[in-house]
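S.K.: Pasting in a structure now, in structure tokens, and then I'll have a few things to ask.
The values are calculated or read from the model by the stated rules, or taken from the named source; none is laboratory data. All values derive from a computational prediction rather than experimental measurement. Reconstructed Cβ throughout: ideal geometry from the backbone, glycine too, with neighbour counts over all protein chains shown. The protein model used for the area step is the full one, side chains on, heavy atoms only, and it has no ligands, DNA or RNA in it. Shrake-Rupley method; radii C 1.70, N 1.55, O 1.52, S 1.80 Å.
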Amino acid sequence: MKFLVYSHASLLECLSQLEMIDELYKIDKIKELRKKYDLLRGKIYSFIQYVEKNWKT
């Protein structure tokens, strides 16, 4: 479970870095990357919720 939380936190850190890059350089591909990272963030978060609910350890 802790590795799922670590991966979610790392993804949030990547998103913040992408936001800073976007503010500084206005690269077109950044918006596409941010959308993909947002989708992945939702999937990881949903999986964390599933594990918390269904895996009793």
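S.K.: Quick check on this structure: which one of 31, 56 is part of a loop (DSSP other than H, G, I, E, B), modelled with pLDDT under 90 and not aromatic (Phe, Trp, Tyr)?
M.R.: 56
S.K.: Related question: So which residues in the range 6-32 are of a type in the set (A, V, I, L, M, F, W, C) and either open to solvent by 70 Å² or more (accessible area, probe 1.4 Å) or over 15 Å from the mean Cα position of the chain (by Cα) (or both)?
M.R.: Residues satisfying the conditions are 12, 20, 21, 24, 27.
S.K.: Within the range 33-57, how many residues are among the basic types (Lys, Arg) and surrounded by 13 or more Cβ atoms within 10 Å (Cβ to Cβ)?
M.R.: Total meeting the criteria: 2.
S.K.: With (1) over 8 Å from the mean Cα position of the chain (by Cα); (2) modelled with pLDDT of 95 or more; (3) hydrophobic (A, V, I, L, M, F, W, C) as the list, and residue 1 as the residue in question, which single condition is left unmet?
M.R.: Only one criterion in (1) over 8 Å from the mean Cα position of the chain (by Cα); (2) modelled with pLDDT of 95 or more; (3) hydrophobic (A, V, I, L, M, F, W, C) is unmet by residue 1, namely (2).
S.K.: Could you pull out the residue among 6, 45, 50, 37 that is in contact with a Cys (Cβ under 7 Å, 6 or more places away or on another chain) and in a helix (DSSP H, G or I)?
M.R.: 37
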